[in-house]
Amino acid sequence: MNAPAPDPFLAAQAEFERALRRNIKGLEYLASPAPVLGASAKDVLVERGTMRLYRYRPRVDDVYRVPLLLVMATTNRGYIFDMVPGQSLVEYLLDHGFDVFMLDWAPPRADERRLTLESYVLDFLPSAVARVQEETGEPDVSVVGYCFGGVLSLLWAALEGNGPLANLVTFTTPVDFSRMEMFQAWADRRFFDVDRLVDTFGNCPGDYLYTAFDMLRPGTRAVTGARLYDQLHDDEFVKSFRMFDRWASDILPLAGEYFRQTTKLLMWENRLLAGTLEVGGRRVDLRRITAPFLHVAAQHDHIVPTEASAPLIGMIGSADKEEVVLKGGHVSLVAGGNAVKRLWPKLVHWLGVRST
Amino acid sequence: MSSTPPDYAAFFRSMLGEWEKATNSMGGQTLKSEEFVRMLGGATAATSHAQEAFRGVMERALAAANMPSRAEIEDISARLARIEGALFRMEAKLAELAPAATEKPAPAGPTRNRKPPETPEG
């Protein structure tokens, strides 16, 4: 049976009302302040140069024995894990009984241009773990790393993790850098003089990285404004747009030597995959990671394509290991409406049974 | 025969999505082409060159105005960081030497006996 055809007059009226609401909301949009992000109650435990360690205040009376340390990527702000109430992974973890800490990053100061991969893997990360142990009195810690935070977590776990590491979780974490095609092309050593860039600027400028991330999807930036205007009548869309747009444009500079090292050792020589990467003079062998391990990849990840992280699960030595590929992109995997339904329950369940 | 009026807004949204996909795909191919990458490398080198030249001019201007250059401020910042580091180490050493004096009372935090639920939580 055919549905009756909609009245063209009513359809035009609905569209007109939507346009009117859109224009009113447009004025509100311009006049209202940006949403406050990363506002869950927390204490700053460490503030040392670029390093920040937070402890979030528990929201339940009884937590799992094993504390949880989130490790943020060095290019982005950690508030992606703590957007706004109801859309915060941190809040979700707290409500489900975890004692949550976060290793986050501030823009490296000019004098921190000499920080290296060793500084992050053999200093910042173990210092954070030690502080979590000290704060909680627990001997072991679960570590959850996002994107390059996952790479740092893997390197630390392979070199020093056996002992304090209870569980390791990585989200969208690359190990085969040859499969990050766009970044590979732009870092082509025939044309990209990383030495000159670092020697000139000290730290790799955040604007430079922002442009690189933006160019991964050249059409998206162009349609963003049109899509926002079209959806201005939808409060939820606008709220979500503002949160993610602010986060995506809040890119951190990278410490110069660290950027030089990661470009040469990982992008050019793909040493992590080859098993020839050395940090502090020690060979990184991911088979040495024996703690329970979970890797979560995003099906439509435009920054770390699934092929770039696919070899990871086979490289880990743990007997208890799992990889899942969930719908979503690099960011929507960890934050936003779909993450609440897909990743977060999976993470809470996987960690819960391993955190007593 | 029933005639459904065209939904221009839906058509616009669909067109926008298709255009975005096509541009991302075609633009992506262009942006990773050797010609583009060569141009990008050239632009980065030119920016570095301009930055170096500008830094030289600024350093001379700051010196003429009897003001510290960026490099000098960075040196001071690095020295402060070293002093901060030394203080941090001294604080840790003092805490080791006099644990009773600095020992914090056990925080009145939550208990740590939680068990996972029988069925996965949502």
**Prompt:** Is there any pair linking a residue in the range A:181-194 that is more than 7 Å from every other protein chain (Cβ to nearest Cβ) to one that is among the hydroxyl-bearing types (Ser, Thr, Tyr), with Cβ under 8 Å and at least six apart or on different chains, and which?
**Reply:** A:Gln184/A:Ser178; A:Ala187/A:Thr263; A:Val194/A:Thr263
**Request:** State the number of residues belonging to the range A:51-90 that are at the interface with another protein chain (Cβ under 10 Å from one of its Cβ atoms), of a type outside the set (A, V, I, L, M) and in a loop (DSSP other than H, G, I, E, B).
**Result:** 7
**Item:** Subset of the range A:47-64 (residues that are within 15 Å of A:Thr136 (Cα to Cα) and surrounded by fewer than 17 Cβ atoms within 10 Å (Cβ to Cβ))
**Value:** A:Arg57, A:Asp61, A:Asp62
**Answer residue from the range A:91-110, given it is under 30 Å from B:Ala71 (Cα atoms) and small (Gly, Ala, Ser) and is modelled with the highest pLDDT among those** = A:Ala106
**Request:** Look through the range A:100-118, keep the residues that are in a helix (DSSP H, G or I) and in contact with a Ser or Thr (Cβ under 9 Å, 6 or more places away or on another chain), and return whichever of them is surrounded by the fewest Cβ atoms within 10 Å (Cβ to Cβ).
**Result:** A:Ala110
**A:Gly97 vs. criteria surrounded by 17 or more Cβ atoms within 10 Å (Cβ to Cβ) and at positive phi** = yes
**Request:** Could you tell me whether any residue of the range A:123-135 is farther than 15 Å from A:Asn167 by Cβ, within 22 Å of the chain's Cα centre (by Cα) and assigned to a loop (DSSP other than H, G, I, E, B)?
**Result:** no
**Request:** Restrict the check to the range B:102-111 and report whether at least one residue is at pLDDT 85 or above and at the interface with chain A (Cβ under 8 Å from one of its Cβ atoms).
**Result:** yes
**Prompt:** Quick check: anything in the range A:233-250 within 14 Å of chain B (Cβ to nearest Cβ), in contact with a helix residue (DSSP H, G or I) (Cβ under 7 Å, 6 or more places away or on another chain) and farther than 29 Å from B:Met26 by Cα?
**Reply:** yes
**Message:** Tell me whether the range B:83-94 contains one or more residues that are surrounded by 12 or more Cβ atoms within 10 Å (Cβ to Cβ), more than 11 Å from chain A (Cβ to nearest Cβ) and acidic (Asp, Glu).
**Reply:** no
**Request:** Tell me which of these A:Leu273 doesn't satisfy, since it passes every other one: (1) touching a Phe, Trp or Tyr at 6+ places or on another chain (Cβ under 8 Å); (2) more than 30 Å from A:Met243 (Cα to Cα); (3) not in a helix (DSSP H, G or I).
**Result:** (3)
**Request:** Test A:Tyr210 against the criterion of being free of Cβ contacts under 8 Å to residues at least 60 places away in the same chain and in contact with a strand residue (DSSP E or B) (Cβ under 9 Å, 6 or more places away or on another chain), and give yes or no.
**Result:** yes
**Request:** Out of the residues in the range A:134-159 that are without any contact (Cβ under 8 Å) to a residue 60 or more places away in the chain and surrounded by fewer than 19 Cβ atoms within 10 Å (Cβ to Cβ), state the one that is nearest to the other protein chains (Cβ to nearest Cβ).
**Result:** A:Gly137
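The values are calculated or read from the model by the stated rules, or taken from the named source; none is laboratory data. This is a predicted model, so every value here is computed, not measured. Don't worry about glycine lacking a Cβ; one is built from the backbone with ideal geometry, like all the others, and counts go over all protein chains shown.
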